Amino acid sequence: MREPSAAAAPSGAGPGSPSPSLAARVEDLLGLALASPDKRGLLEAADRAMAALAGGLEHEGHRPVFARLLALRVINLVVARHHFHHRHTTLASRPFQLMLDPVNNCHLSCPGCLHTSNPAFSGAFDWPGGRLAMADYDRFLAEHGPLAFGLVLYNWGEPLLDRRTPDLVRRAKRHLLHVCLSTNFSVRFDVDALVGSGLNFLFLSIDGATQATYAKFRRGGDLELCLDNIRRVLEARRRLGSGLPFVLWRYLTFEHNLHEVEPAMALARELGVDQFSVTTPFAVDWDDPEVRAARSPLEGTHVLRPDAVFKGPLDDGDSAELDEEAIEREFRRPWRERLGGPESALDEPSRASSPACAWLYQNLTLDARARLFPCCMAPEVGRHKVYGPLPGERGAFNVDDFRRSRLAFADRPAFESEHARSGEAAPPYCAVCTEKPELTYTLERDVRRDLRLADPRATFPDDLVRRLTEWPPSR
């Protein structure tokens, strides 16, 4: 965050007492963001508001590094709302959700997945194996961690195949990121290291209560190993005195496993799992006609332990060890510098009535080969879904494919003209996409919750938090 100015919090504000003037600064900036497409004016106002906000938060009793981090994130919400509202294509804001694969590999071969063993489809995806270089991870975190809220530490790979995954989580916690991880859990790993890492959410993909039923979809998986891992994680959680990670067993329903939903839920309850989710998956019978998705009457999320928690000591901004150098560096950066590009990047008009895709304003995805993607969708050969390598310099969120993808929604004729001049055979995939996948770490549910938890003094009233995190439908 930027160094706070000499202006202190208004009189009457002090430790433990909300400051209406701090909330008013954010209110005023949000009003300006929606009223005018003028980037220059908004970014200059964002610099001033962030400095004053950090100074005020510090005056209220927060330690300086956390005051800067919280101010950065709140102002980033406003700047992002400005860009989304006016359908800008070059952004000064940074994503709220980071999605990242520690490894691209998986040892299972589930139908419908890019790791399928079906030779008719296994070559259809542009997904080379590999492990993310730690230098790329650290660089990615240093730029985006201080402004993001959540890290989704999985996409198409199996994260527990990488022994460094607990360390990746610990590094993310130094940015106070809410970290979730999804795993097939049919793998041996260092249980104490994972439980002690500060991981918030652990999603387990287990679709059966017997090996025969489970393995019909989770091919190559070992149900008993999964169950043993659950026991080990929950025992370590008790032994280490931690409520984390929150454990959710996610059960995908097919015709062949509907009869085992209730036995699996009973088993989850017996083991001490926190939640059990019953979900109808997308169709996979194009890959294996014998595996057909089906809906269970128990569809939905079932709370098994109402007193379970998903935050721990590493989520406390006033006591956790934070990456002060990265946070300070981002705090001192002018918002105009984040925008990058020529002066013309400041002069985009408002296209507020145009459609948009929220992923292009809220998320950044990186695979284990340090390749950029716009969302969670699997990259198919011949489809332009890889948006380039992670840049050596800053600015991954504004690489040309991201800019053009936003333009495809905001101004279709301008995009078509630009694409025709480019000579490229396939446009960026976002320009032809008809899917609407949901983000894992959502703005209205997760960012809203975590912003409130980070602000126990209620500096930002509920109505303001709601308006910061409530974006209109994008298309």
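Just so it is clear, none of the values below were taken in a lab; they were calculated from the coordinates. The structure displayed is predicted, hence computed values, not measured ones. Note that each Cβ is placed from the backbone with ideal geometry, even for glycine, and that neighbours are counted across all protein chains shown.
For region 345-447, a crude dipole built from +1 on the beta carbon of Lys and Arg and -1 on the beta carbon of Asp and Glu, taken about the Cα centre, is about 120 debye to the nearest 20.
Peptides 389-395, 403-409 ranked from most to least packed by the mean count of surrounding Cβ atoms within 10 Å: 403-409, 389-395. At full extension, SER354 and GLU290 could sit 18.8 nm farther apart than now, given 0.36 nm per residue minus the alpha carbon distance. Considering only LEU360, PRO349, PRO379, the residue lying farthest towards the positive end of the dipole of the chain is PRO349, judged by Cα position with unit charges set on Cβ.
Charge dipole (Cα centre; +1 on Lys/Arg Cβ, -1 on Asp/Glu Cβ; no other charges) of region 104-204 amounts to roughly 200 debye.
As a size descriptor, the averaged projected area of the C-alpha convex hull of region 203-353 was calculated at 15.9 nm². Placing unit charges on the Cβ atoms of the charged side chains and taking the dipole of the chain about its Cα centre, the candidate lying farthest along the positive direction among GLY157, PRO111, THR440 is THR440. Between ARG421 and ALA24, the simple spin-label model (points 7 angstrom out along Cα→Cβ) gives 4.7 nm.
Each residue in TRP471, TRP286, TRP249 was given a count of other beta-carbon atoms within 10 angstrom of its own, and listing them fewest first yields TRP286, TRP471, TRP249. Computed from the alpha carbon positions, the gyration tensor of the chain leads to an equivalent ellipsoid with semi-axes of 37, 29, 19 Å, biggest first.
Here the Kirkwood formula, the inverse mean of 1/r across different C-alpha pairs, assigns region 22-148 a hydrodynamic radius of 17.6 Å. A straight Cα-to-Cα reach below 24 Å connects LYS436 with the lysines LYS385, residues fewer than 8 places away in its own chain not being considered. Normalised by residue number, the volume inside the convex hull of the Cα atoms of region 356-475 is 140 Å³ per residue.
Label sites at ARG239 and ARG164, each approximated as a point 7 angstrom past Cα along Cα to Cβ, lie 2.7 nm apart.
Can you compute the FRET efficiency between VAL309 and ALA266 using 1/(1 + (r/R0)^6), with r the Cβ-Cβ distance and R0 = 35 Å? Round to the nearest 0.05. For R0 = 35 Å, the calculated efficiency reads 0.90. Spatially, region 427-468 and region 234-311 are offset by 25 Å when compared through their Cα centroids.
Here region 21-86 has an Rg and Dmax of 11.7, 36 Å, counting Cα atoms alone. How much of the DSSP bridge set in the chain is antiparallel, in percent, rounded to the nearest 5? Antiparallel: roughly 30 percent of the beta bridges in the chain.
In whole percents, the pair-distance distribution calculated for region 389-447 from its alpha-carbon pairs, binned every 5 Å from zero, is 4, 15, 19, 18, 21, 14, 6, 3, 0. A Cβ-based charge dipole, computed about the Cα centre of the chain with Lys and Arg at +1 and Asp and Glu at -1, lands at about 420 debye. Per-peptide packing, taken as the mean over residues of other Cβ atoms within 10 Å, places 144-152, 186-194, 97-105 in the sequence 144-152, 97-105, 186-194 from highest down.
Projecting each Cα onto the charge dipole of the chain (Lys/Arg +1, Asp/Glu -1 at the beta carbon, about the Cα centre), which of ILE327, ALA209, VAL247 comes out farthest on the positive side? So the residue furthest toward the plus end is ILE327.
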